[in-house]
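The values are calculated or read from the model by the stated rules, or taken from the named source; none is laboratory data. For clarity, every value in this text was computed on a predicted model and none was experimentally measured. Methodologically, a virtual Cβ is constructed for each residue, glycine included, from the backbone with ideal geometry; neighbour enumeration extends over all protein chains shown.
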Amino acid sequence: MTDSTTEASAEDTEGNSAPVETPADDLVEVNPLRDPRDRRLPRVPEPCALVVFGVTGDLARKKLLPAIYDLANRGLLPADFVLLGFARRDWGDGDFESLAKKSAQEHARTEWNEDVWARLSGDIMFVPGSFDDDDAFDTLAKTLEDLSESHGIKGNAAFYLSIPPAMFPTVLQQMERTHLASNAHSGGWRRVVVEKPFGHDLDSARELNKLVDDVFTANDVFRIDHYLGKETVQNLMALRFANQLFEPVWNANFVDSVQITMAEDVGIAGRAVFYDATGAARDVLQNHLLQLLALTAMEEPVEFTAEAIQTEKLKVLRAITLPQDLTRYAVRGQYDQGWQAGERVVAYTGEKDVPADSTTETYAAVRLGIDTRRWAGVPFYLRTGKRLPRRVTEIAVLFKKAPHLPFSHTDTEELGHNQLVIRVQPDEGVTLKFGSKVPGSLMEVRDVSMDFLYGEAFTEASPEAYERLILDVLLGDSTLFPRNAEVEASWRVLDPLEEFWAGQQPEKYRAGEWGPKASDEMLGGDGRAWRRP
Amino acid sequence: MTTLWDTTGSAVVKALAAERRTGGGVTSGLALTLVVVMEEKDTADVEAAVSIAASRHPMRVLMVIRHNIEAPVPRLDAEVSIGGRYGPGETVVLRMYGRLALHAESVTLPLLAPDAPVVAWWYSETPEVIAYDPLGVFADRRITNAIRDADPAASLHQRAADYAPGDTDLTWTAITPWRAALAAAFDTVRVRTNAVTVFGNPVDPSAQLLAGWLSSRLGIAVPVEKAEGKYISSVSVDFADGHQVTLRNDGHKLVMVRPNQADSIAPFPSRSTGDLLAEELRRLDPDESYADALGAVTGLTGLNDRPAVRTHIWHDPALANES
């Protein structure tokens with residue numbers, strides 16, 4: 001009794017600053033204005049801050065900052081939002097703002113709107129400091145705490161680590177020391193976004209996962225694989241699980257083989273040091289190609305939630321088998337000098353900062369199997385490379401030939417496999433290739449393709465992958481992000497390949513060609529051929 | 001572009017097929033057919049709107065212009081074009097004279113894209129009862145525009161009385177940014193709402209629909225108070241814990257005023273008719289939230305439970321004028 005009286009009198013003396021207790025029946029659980037049937041209203045994240053480490057880097061300038069402007073322009077950022085940059089520069093808020101403005105103007109997808117920028121620019125801040133500087137991190141923590149009140153971000157913050165993996169331990173340690181990563185301490189949520197590479201083999205990936213997951217909770221770690229943010233990749237799930245037409249033939253009874261290609265026409269463009277230590281298999285195959293494979297081959301998730309989809313993807317990744325004969329079914333190559341698109345280009349070993357005797361691969365192709373009832377016996381051919389004729393990413397499902405053809409052999413000479421091709425980029429869409437009669441008095445059957453072009457059927461410009469992924473991070477939706485177990489399962493596939501390749505010379509291929517000969521022979525030996533994308 | 005004078009519906013179908021072959025166009029991308037009911041004087045406005053909407057939704061557009069019904073001899077003139085000034089889609093302008101205007105569906109039915117949804121849009125005045133217009137009966141979605149009716153204030157009541165699932169109005173589309181901003185303002189509040197007031201023009205259909213929507217979601221009466229401005233100028237919300245939030249339209253900005261916090265400013269671009277039309281075409285199923293808001297404005301209930309299919313009611317304006 002006495003306690004409560006003293007408390008009450010203390011409140012009285014403090015005057016009107018004491019909070020008024022809200023009666024329980026005045027509280028509401030959900031926002032009454034949000035209605036799942038009302039699909040006109042956009043999904044907008046809660047008030048929050050986005051803290052970017054390494055904000056002066058290439059990725060931040062070309063992708064991240066423009067994506068944030070695009071989100072603001074589309075009205076998808078909360079009213080209370082702060083963009084906080086952290087880097088070792090002697091800068092004020094204004095310097096950072098002008099950098100952000102310049103990169104948004106240069107690289108944003110949506111048109112420039114001065115009003116939108118004027119609003120955003122008031123919410124852009126900068127904290128200078130190096131990663132091993134305790135004072136700088138104390139300032140950062142203090143700044144976020146202050147913003148909680150002044151900008152109403154309520155303790156919510158996402159940290160984007162746009163920094164080399166070598167810096168992770170230092171930064172994460174600092175965040176732990178200053179309680180930046182703690183949900184409980186901040187009173188809101190704290191999330192972290194990590195870019196690839198997620199390690200360079202299973203052991204290093206485990207170490208990295210442990211490091212990040214120890215500081216943040218595993219559910220608050222978002223690993224960005226920007227391929228998964230692409231509209232067509234998400235459409236793959238709609239295609240497979242919303243339609244009755246494809247799923248019945250999506251198995252070893254009907255599918256002959258699957259080819260997944262990610263080709264780039266560019267060389268290594270200024271990434272020599274990183275690339276020479278990494279190679280095509282670690283850079284692309286381990287993450288992008290295996291993720292595309294997992295989405296193509298996974299079983300139907302029990303519901304369309306992050307957890308259910310990750311469960312199915314993980315099952316597939318764990319069922320992947322490597323071929324017995326690696327000499328035949330695992331090929332790596334390195335581009336030699338050649339001509340590409342009418343221009344002379346130098347060999348990989350002639351690129352700036354690449355040692356002349358480098359054995360790093362710029363091309364990798366491998367045949368994988370999946371040991372499940374659905375896919376047993378179906379080869380999955382994966383390939384990726386640089387300096388190939390064109391930039392293209394696609395998933396091609398090749399169906400078996402009809403068991404019996406009532407036509408004479410000469411009638412169907414030009415008939416190939418039926419194919420369903422999911423074009424991830426460019427010209428996002430789906431192609432169905434099937435046999436059709438050639439007009440005329442003869443019965444001749446040849447392949448024709450039917451195209452569904454995303455850009456034509458839905459002419460609304462698809463959001464850039466980073467836009468979608470950043471929005472998902474702020475909303476806390478991890479559907480499109482690989483979990484740590486997936487990363488580890490992928491390394492488990494790649495590690496034996498890297499071990500086999502170690503010390504071998506990669507096969508040379510001329511720049512501007514579709515990879516080394518050995519890669520064509522790999523399919524030729526199976527009686528198949530690479531599709532020309 | 002092919003122009004046909006004094007022609008028939010079948011000749012238009014042939015001309016469209018020919019234009020497609022020579023233009024190199026393919027059917028693969030057609031998502032819907034949009035039937036625009038308009039008057040000759042609206043041509044420029046409709047063209048501008050359609051070209052914006054067509055760049056976001058691949059569609060076939062049929063523009064139906066009815067000329068003097070009293071003309072003694074019925075006649076059909078048509079223009080067929082693919083691409084060009086109407087945007088990337090296929091466009092057919094149909095000018096109907098005389099009694100043909102009462103049988104417009106006989107021309108449009110064979111021109112509808114196979115098995116794709118049909119959307120009817122009355123650019124100017126909507127018929128009092130949509131079932132009077134056969135073009136509305138065949139449409140899966142119907143878009144009206146109360147602000148262009150002779151008496152916008154009374155128009156919503158007529159729309160509610162005549163409502164069938166699949167109807168929407170552009171005055172409703174226009175307030176999506178307001179609704180998004182209000183929903184975002186409520187996101188961080190966990191207490192009951194005591195009172196809401198919409199300030200603006202009390203007879204503006206958009207202001208009425210915004211108040212109707214708030215009232216249908218919050219379960220309290222929401223008045224529209226007279227204030228400066230033609231449409232909606234601000235909305236103020238009183239919460240049960242005593243704090244008040246005001247959202248104010250400040251030209252191209254939306255300002256949110258909250259106690260103990262700096263004003264938050266969001267972009268609030270003005271949208272053209274084309275933008276509104278494009279938003280409407282995004283969804284081809286009934287809009288339940290609109291029905292709820294319309295019901296709250298007019299006091300009618302059960303709008304969502306009405307049958308979605310209309311039956312054509314024969315309505316001859318010549319006879320109607322006599323009686």
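Values computed for the structure shown
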item: Lone unmet requirement of (1) closer than 28 Å to A:K230 by Cα; (2) at pLDDT 85 or above; (3) facing chain B (nearest Cβ under 9 Å); (4) over 23 Å from the mean Cα position of the chain (by Cα) for A:A79; result: (2)
item: Filtered residues of segment A:459-492 (kept if at pLDDT 90 or above, touching a helix residue (DSSP H, G or I) at 6+ places or on another chain (Cβ under 6 Å) and among the β-branched types (V, I, T)); result: A:I470, A:V487
item: First in segment A:343-363 and in contact (Cβ under 8 Å) with a residue 40 or more places away in the chain, second anywhere and among the polar types (S, T, N, Q) and surrounded by fewer than 16 Cβ atoms within 10 Å (Cβ to Cβ), Cβ under 9 Å, 6 or more apart; result: A:T359/A:Q504; A:T359/A:Q505
item: Identity of the residue in segment A:3-26, within 14 Å of chain B (Cβ to nearest Cβ) and surrounded by 13 or more Cβ atoms within 10 Å (Cβ to Cβ), that ends up modelled with the lowest pLDDT; result: A:A18
item: Segment B:83-132, subset out of contact with any helix residue (DSSP H, G or I) (no Cβ under 8 Å at 6 or more places or on another chain) and within 14 Å of another protein chain (Cβ to nearest Cβ), residue modelled with the highest pLDDT; result: B:P117
item: Elements of type strands (runs of 3 or more DSSP E) in segment B:172-290, at least 3 residues being in contact (Cβ under 8 Å) with a residue 24 or more places away in the chain and away from every other protein chain (no Cβ under 11 Å); result: B:193-200, B:224-226, B:232-239
item: Verdict on B:V237 being closer than 26 Å to A:L120 by Cα and modelled with pLDDT of 90 or more; result: yes
item: From the options A:D132, A:D146, A:D201, A:D123, residue that is touching a Phe, Trp or Tyr at 6+ places or on another chain (Cβ under 7 Å) and either under 28 Å from A:N287 (Cα atoms) or surrounded by fewer than 15 Cβ atoms within 10 Å (Cβ to Cβ) (or both); result: A:D201
item: Which numbered condition A:S478 fails, given (1) within 14 Å of chain B (Cβ to nearest Cβ); (2) in contact with a Phe, Trp or Tyr (Cβ under 9 Å, 6 or more places away or on another chain); result: (1)
item: Residues being at the interface with another protein chain (Cβ under 9 Å from one of its Cβ atoms) and either surrounded by fewer than 15 Cβ atoms within 10 Å (Cβ to Cβ) or touching a strand residue (DSSP E or B) at 6+ places or on another chain (Cβ under 6 Å) (or both) - total across segment A:35-71; result: 3
item: Only listed residue being surrounded by fewer than 17 Cβ atoms within 10 Å (Cβ to Cβ) and over 17 Å from the mean Cα position of the chain (by Cα), chosen from B:L109, B:L100, B:L94; result: B:L109
item: Selection within segment B:139-157 - at pLDDT 90 or above and surrounded by fewer than 22 Cβ atoms within 10 Å (Cβ to Cβ); result: B:D140, B:H157
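Yes/no per residue for (1) at positive phi; (2) among the aliphatic types (A, V, I, L, M); (3) touching a strand residue (DSSP E or B) at 6+ places or on another chain (Cβ under 8 Å):
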{"site": "B:P152", "(1), (2), (3)": "no, no, no"}
{"site": "B:P165", "(1), (2), (3)": "no, no, no"}
{"site": "B:T173", "(1), (2), (3)": "no, no, no"}
{"site": "B:T176", "(1), (2), (3)": "no, no, no"}
{"site": "B:L182", "(1), (2), (3)": "no, yes, yes"}
{"site": "B:R190", "(1), (2), (3)": "no, no, yes"}
{"site": "B:F199", "(1), (2), (3)": "no, no, yes"}
